[in-house]
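Colleague: Take this structure, written in structure tokens, and hold onto it; I'll ask about it next.
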Amino acid sequence: MVKINQDDDKLNKVKKWFKRNLTWVYFTIAIIFILFPNTSYSPFTTVWNNILQKIGFVGLTSGIFASVLKSIQFTGLFQEELTKIISGTEFLNNRKDLPDLWKKISKSIYAQKFPEISDLLEDRILTTYFPMDKNHYNEDMVVSIVIHEISDDFIINYTQTIEYNAILDYEKNESNIVYTDTITDDEGVDEKNELISFKIDSNEIELEKCREVKKEEGKIKYIHKVPISGKKKFKVFLKVKNTYSLKGENVKLLRFNTITRNVDLTVSFTKDIKVSFFNVGLVNDFEPIHTDIENTLSRRHRDDLILPRQGFGLSFNKI
């Protein structure tokens, strides 16, 4: 009889504990069902992972859970903790569906406002402006262009140097520096786009060893790729000599293919040449500097980023 009473007491204590902590029990089970399927430890298939996750969300949002929360005068503590867990870096890094997660989040921002174009907008931002396929960005770039001449046949000849720091992804710690020359395959056209020097941390790269030639319709591409790894910052130097005709188009466009911060541009030219500058796709434009120096055009870009496909252009005229 005594033993039965003791068992009843234990059972009553368990029941009381369960009632006191019912909220935490529901909360813990729901969180496990939500988080566990998105980890690499889950042994289940994608279908079962989705089912478990949905059960977890139903558990959090069901009337039963809501009534339990109300009964103990829920103050927002659990909601805050759940937000910290789900939006935490560690949890996000373990998710396998970050691109899909980005799309779901973006839909909540603008899908109701622009439902017809929301999918196109999501894909464009994700593939073009998020550095998904890049393991570095560029910083403190200095571009120098020296125009040697524009001939009477409107053939321009200039040398361009580009210096910048490549800042690597802190997790990947490796990337590739790529420079591409593109010229026409028409041998009757006077056009040259020659990479003269390619340095990484002042070490000259053997161009023949890193060059790949691709022929496309009407064009020849010379692709130079150099891998970098082992530290966070690399100094890149490029020197290119260009020759081409201005008869068809008297402009030069420099569009960036990597996110870039801080750019200084200097263009030097002879007295018989006029050079004009224009921005390409920027939110905050380049600012003029050193405007009192003759036969020189200088621009600076600060306090913002230059995204892929953005940049600047130059137009040339012979006086």
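The values are calculated or read from the model by the stated rules, or taken from the named source; none is laboratory data. Since the structure is predicted, the reported quantities are computational estimates derived from the model, not experimental observations. Using ideal geometry, Cβ is built from the backbone for each residue, glycine included, and neighbour counts are taken over all protein chains shown.
Colleague: Inside region 266-319, can you point out the residues that are of a type in the set (Lys, Arg) and under 30 Å from Asn135 (Cα atoms)?
Modeller: First, pick out the residues of region 266-319 that are of a type in the set (Lys, Arg): 271, 274, 299-300, 302, 309, 318.
Listed by number, the residues that qualify are Arg299, Arg300, Arg302, Arg309.
Colleague: Residues that are in the same structural domain as Ile162 (by TED's automatic domain parsing) and under 21 Å from the mean Cα position of the chain (by Cα): list the strands (runs of 3 or more DSSP E) wholly contained in region 251-319 that include at least 3 such residues. Quick ask: steps written out before the conclusion?
Modeller: On the way: elements: 251-255, 260-268, 273-280, 296-306, 311-318.
Hits in region 251-319: 260-268, 296-306.
Colleague: From the list Ile306, Ile273, Ile289, Ile293, pick out the single residue that is within 25 Å of Val178 (Cβ to Cβ) and β-branched (Val, Ile, Thr).
Modeller: Ile306
Colleague: Got a sec? Which of Ile200, Ile183, Ile205, Ile228 is more than 18 Å from His136 (Cα to Cα), touching a Phe, Trp or Tyr at 6+ places or on another chain (Cβ under 7 Å) and surrounded by 16 or more Cβ atoms within 10 Å (Cβ to Cβ)? Spell out how you get there, then give the answer.
Modeller: Working: Ile200 fails: more than 18 Å from His136 (Cα to Cα); Ile183 fails: touching a Phe, Trp or Tyr at 6+ places or on another chain (Cβ under 7 Å); Ile228 fails: more than 18 Å from His136 (Cα to Cα).
Only one candidate qualifies: Ile205.
Colleague: Would you check which residues across region 214-250 are assigned to a strand (DSSP E or B) and without any contact (Cβ under 8 Å) to a residue 40 or more places away in the chain and list them? Write out each step before concluding.
Modeller: Of all residues in region 214-250, those assigned to a strand (DSSP E or B) come to 214-216, 219-229, 233-245.
Hits for region 214-250 are Lys214, Lys215, Glu216, Lys219, Ile220.
Colleague: Could you please give the count of residues in region 153-192 that are over 23 Å from Gly311 (Cα atoms) and small (Gly, Ala, Ser)?
Modeller: Residues that pass the stated criteria total 1.
Colleague: Checking the structure you have, find out if any residue of region 180-190 is among the small types (Gly, Ala, Ser) and modelled with pLDDT under 85.
Modeller: So far as region 180-190 goes, yes, one or more of its residues are among the small types (Gly, Ala, Ser) and modelled with pLDDT under 85.
Colleague: Any chance region 278-292 includes a residue that's in contact (Cβ under 8 Å) with a residue 40 or more places away in the chain and either more than 14 Å from Arg255 (Cα to Cα) or not hydroxyl-bearing (Ser, Thr, Tyr) (or both)?
Modeller: Filtering region 278-292 for residues in contact (Cβ under 8 Å) with a residue 40 or more places away in the chain gives none.
Looking for residues that are in contact (Cβ under 8 Å) with a residue 40 or more places away in the chain and either more than 14 Å from Arg255 (Cα to Cα) or not hydroxyl-bearing (Ser, Thr, Tyr) (or both), one finds none in region 278-292, hence no.
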